[in-house]
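No value in this document is a laboratory result; all are computed from the given coordinates. Being a predicted model, the structure only gives us computed values, none of them experimental. Glycine also receives a Cβ, built like all others from the backbone with ideal geometry; neighbour counts cover every protein chain displayed.
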Amino acid sequence: MKTHIDCTEEPILLSWLMMTRLCLTALVLLGSGALSDAQQAVVPAWPGTAGCRLKSTGTPTPGPAAPATLASASIDVVYYTLDLRISVTPAYLEGSAGLTARCLADTVSSIILDLSGPMRVDSVIAGSKRTSFIRYNQAVEILLDRTYQKNETIRAVLFYQGIPSQSGFGSFVFAAHSGVPWVWSLSEPYGARDWWPCKDHPSDKADSVDIRIRCDARFKVGSNGRRLAVVNNGDGSATTTWSERYPIAPYLVSVTLTNFEEFTNWFRYSATDSMPILNYVLPEHLGAALSSLPKTVDMLEIFSNSFGLYPFIAEKYGHCEFGAGGAMEHQTMTSTTTFNEITIAHELGHQWFGDLITCANWHELWLNEGFATYTEAVYLEKQYGPAWYRSHMQEQMNDALSAEGTLYLQDTTSVRDMFANSRVYAKGGAVLHMLRHVLGDSTFSRALRAYVADPRFRFAVATTRDFQQVCEAVSGQSLGYFFDEWVFGEKYPVYTFSWKTWNESGQDFASVTIDQVTRTDNPRFFTMPVDIQMKAAGWDTTISVMHQFSGQVFQFALPARPDSVILDPGDWVLKQVLPSEVTLPQEIILMQNYPNPFNAGTVIVYRLPSRMQVNLRVFNALGQQVATLVDEREEPGSRSVQWDGRSDRGVPQASGTYLYRLATEKGVRTGKMVLVR
């Protein structure tokens, strides 16, 4: 069962269309099914922009496109067939698009498909009869051969031609590489309608699509599913047939053609079975592709082990070079301009999250992009180790701090907002990183696999609440607070904390007070589990607490008195921690300098229990004094001072080991540091 259009604009737009239809009745050519160029452009387009997520390399400026589908909610398209002829001299597209749909309403006598204005409609067949149509600027209405009842099958074929418009990040582009013609498509989010008539909404997945492309015989054609045939037509052209037999959203249907070089790697997913990884690359990039793309085999194994077997295993996976300036997860054959390892992993991750399970509407785009961003980290962790995961997620967390608005997209008309990297990519990935810590590694892993395997969403669509429900069912936890804060809320918590220690009857204790502000009313407070790490010489412990209100105090009985406390040492929470006035230590504390080793400079931190005279000096390995950093009476609390590796006279010191010595009336503390030139 498919989830159908969830768009508050649609009833208004369709009502407006029907009013316009009455005004256009005189333009309908009964029986001929053809309108003049002037007649095809009588309805203005709706304003808006569209585009596609692009990674790693140049991001083109998005062009305009209609922000919402106008296609009929009264049909469920189950099959498309595209039979197209693509000419490169001159640039032109012509052919037919057929559909089979299930009738969802009680009575249906006409259907509307999305199709942008530049494409001229020549004629339409409904059932087995040539019929009439009304051409709008962003849609075409087909007057059916009869009135259909609920659950009946509707069939129609539309013949059209023209030069497609280029909205979003391209839609359908006639280009060239090294002087050779090069045609490619990139339809996310609203661009499918620019080059073929369809119900252009991510929720309306066709069960299957056949794609036949007739073009110059010199060219290879890349597309979705299995390549069934390449037939030379004997006139300098050839027809390539691709068949996609898994459900697919219209924006994931793709066509790319030029004089590709072709090679195949193999994913052996059992002792007796393997799947081709088909790569179409530009001749000038063949060497780089042969070096980089075989890594996809390891990625397929890692993701199959992590989320479940590659979902389109009966067909293929592969890559096809295009010219958009990034990469796009076209189903079973990613289009890309780069062989960058992280980008290739991202697009492969989309085959599970975006293609197998597609966001039910563009408001939920993070379910595609945030998940694919997280799969980058999954690959790095499994392939290279946990430190790579940590490093990569730290980059995403840092980027996510600048995200504007809620992760759930309120406005889906602006591509700049929809595909902002800090928002749906970085913050989307950060939300999954945080959820992993909330649930625990094993439970989080089981939740992802359960989500992928759930028949309600598999080869269909999902919402944030759907994913939340799966996570709650697997974990047994109520997670409304988490998704409300991080997906439907904005910004992040800003923490301050203080701590104190004491001894009572021979038992050491510590208490930590955590305060929080959010700088937003949505939410006013982030309820989150937060790790607290306490350390002393030769000892440390990390305790997780649920922070539920600002000023909350947590008290712990400890085996030793800590001399430092760190909030969220593993960086599991998207946050900012501001310095606060900490409870005074019981004795002088001299911390290890950081960074260490160092080059340009290093910071030395120390803490004083009371007001006292402080002398902090640096000595070389021969015991000779090099620099005096502090020589004065200081107030109690935490202090820091920087050393730039120079003597008191400003002379740069040589590489080597140096001692820093903190002398006070209550004792002396010494640390060691390494300068590297």
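Work from the charge dipole of the chain (Cβ charges, +1 for Lys and Arg, -1 for Asp and Glu, about the Cα centre) and give the residue of Thr541, Phe554, Val183 farthest towards its positive end.
Result: Thr541.
Using only the alpha-carbon atoms, how far is helix 441-453 inclined from the longest principal axis of the chain? Give it as 0 to 90 degrees, nearest 10.
For 441-453 against the chain, the angle is about 0 degrees.
From the square roots a ≥ b ≥ c of the eigenvalues of the alpha-carbon gyration tensor of segment 170-250, which class results: rounded (a/c under 1.5), prolate (a/b over b/c), or oblate?
Numbers: a/c = 2.63, a/b = 1.37, b/c = 1.91.
Taking the square roots of the gyration eigenvalues as a ≥ b ≥ c, segment 170-250 is oblate.
Return the FRET efficiency for the residue pair Asp417, Thr527: r is the Cβ-Cβ distance, R0 is 22 Å, and the value is rounded to the nearest 0.05.
The pair Asp417/Thr527 has a calculated efficiency of 0.20.
Using θ = phi - 60° and the Karplus relation 6.51 cos²θ - 1.76 cosθ + 1.60, list the HN-Hα couplings for segment 74-80 in order, rounded to whole Hz, with x at every Gly or Pro.
8, 10, 10, 6, 10, 7, 10
Would you mind pulling out the separation of the Cα centroids of segment 66-98 and segment 307-339, in Å?
Segment 66-98 and segment 307-339 have Cα centres separated by 21 Å.
For the chain, what is the percent of antiparallel DSSP beta bridges, rounded to the nearest 5?
90
Of Leu278, Leu293, Phe312, which is farthest along the charge dipole of segment 252-323 in the positive direction, counting Lys and Arg as +1 and Asp and Glu as -1 at C-beta?
Phe312
Compute the signed sum of charges (Lys and Arg +1, Asp and Glu -1) over the other residues within less than 13 Å, Cβ to Cβ, of Phe267.
Overall, the nearby charge balance is -1.
Report the gain in length on full extension from Glu665 to Phe263: 0.36 nm times residue separation, minus Cα-Cα distance, nm rounded to one decimal.
Taking Glu665 through Phe263 to full extension adds about 137.2 nm, to one decimal.
Starting from 0.36 nm per residue, how many nanometres of slack lie between Ser402 and Ser478 once their C-alpha separation is accounted for?
Gain on extension, Ser402 to Ser478, equals 24.5 nm.
Return the ratio Rg/(2.2 N^0.38 Å) for segment 361-486, where Rg is computed over Cα atoms only. Mind showing how you got there, number by number?
On the way: Rg = 14.2 Å, N = 126, 2.2 N^0.38 = 13.8 Å.
Here the answer is 1.03, to two decimals.
Just how far, in whole angstrom, is segment 509-552 from segment 590-624 if you go by their alpha carbon centroids?
Cα centres, segment 590-624 to segment 509-552: 29 Å.
Taking square-rooted eigenvalues a ≥ b ≥ c of the alpha carbon gyration tensor, is segment 200-309 rounded, prolate or oblate, where a/c under 1.5 means rounded and, failing that, a/b exceeding b/c means prolate?
oblate
Straight distance only, please: which lysines reach the Cα of Lys220 with their own Cα at less than 22 Å, same-chain residues fewer than 8 apart left out?
Lys316
Enumerate the lysines that Lys427 could reach by cross-link, defined here as Cα to Cα under 19 Å, with residues fewer than 8 away along the same chain left out.
Lys55, Lys491, Lys575
Only four residue types carry charge here, +1 at the Cβ of Lys and Arg and -1 at the Cβ of Asp and Glu. Report the dipole size of the chain about the Cα centre in Debye, rounded to the nearest 20.
Working: 56 positive and 68 negative charges, 116 e Å.
My answer is approximately 560 debye.
Return the distance in nm (one decimal) between the two label points of a simple spin-label model at Val517 and Lys129, each offset 7 Å from Cα along Cα→Cβ.
It works out to 7.1 nm between the two label points.
Taking the Cβ of Ile532 as the center, what net charge do the other residues with Cβ under 12 Å away carry, scoring Lys and Arg +1 and Asp and Glu -1? Don't jump to the answer; show the numbers that get you there.
Working: positive: Lys535; negative: Asp531, Asp540, Asp568.
In short, -2.
For segment 282-412, what does the alpha-carbon gyration tensor say about shape, rounded, prolate or oblate, given a ≥ b ≥ c as the root eigenvalues, a/c under 1.5 as rounded, and a/b over b/c as prolate? Walk me through the intermediate numbers first.
Working: a/c = 1.45, a/b = 1.29, b/c = 1.12.
Rounded, since a/c falls under 1.5.
Using a Förster distance of 60 angstrom, determine the FRET efficiency expected from the C-beta separation of Val605 and Val231, and round it to 0.05. Provide the component values of the computation, followed by the final result.
Values: r = 74 Å, r/R0 = 1.23.
Given R0 = 60 Å and the Cβ-Cβ separation, E is 0.20.
Quick one: angle between helix 295-307 and the longest Cα principal axis of the chain, in degrees between 0 and 90, rounded to 10, please.
It works out to around 80 degrees.
How much FRET efficiency would the formula 1/(1 + (r/R0)^6) give for Ala176 and Asp540, where r is the Cβ-Cβ distance and R0 is 51 Å, rounded to 0.05?
0.25
If the only charges are +1 at each Lys and Arg Cβ and -1 at each Asp and Glu Cβ, what is the size of the charge dipole of segment 361-486 around the Cα centre, to the nearest 20 debye?
The calculated dipole for segment 361-486 is roughly 380 debye.
Using each residue's phi in segment 397-411, evaluate 6.51 cos²θ - 1.76 cosθ + 1.60 at θ = phi - 60° and report the 3J(HN,Hα) Karplus result to the nearest Hz, with x for Gly and Pro.
5, 4, 5, 5, 4, 9, 5, 10, x, 7, 5, 6, 6, 6, 10
Dipole of the chain (Lys/Arg Cβ +1, Asp/Glu Cβ -1, origin at the Cα centre): which of Ile344, Ser165, Thr406 lies farthest to the positive side?
Final value for the positive-end residue is Ile344.
Ordered by residue, what ³J(HN,Hα) values in Hz, to whole numbers, does segment 534-543 give under the Karplus form 6.51 cos²θ - 1.76 cosθ + 1.60, where θ = phi - 60° and Gly and Pro are x?
Those phi angles translate into 10, 10, 8, 4, x, 7, 7, 8, 10, 10 Hz.
Below 29 Å, Cα to Cα, which lysines can Lys150 reach? Residues fewer than 8 away in the same chain don't count.
By straight Cα distance, Lys150 reaches Lys2, Lys129, Lys199, Lys205.
Ignoring everything except DSSP H segments at least 4 long, calculate the 222 nm mean residue ellipticity for the chain; use -39,500 (n - 2.57) per segment, divide by total residues, nearest 500. Write out the running numbers ahead of the final one.
Details: 11 runs with 126 residues, N = 677.
Result for the chain: -5500 deg cm²/dmol, rounded to the nearest 500.
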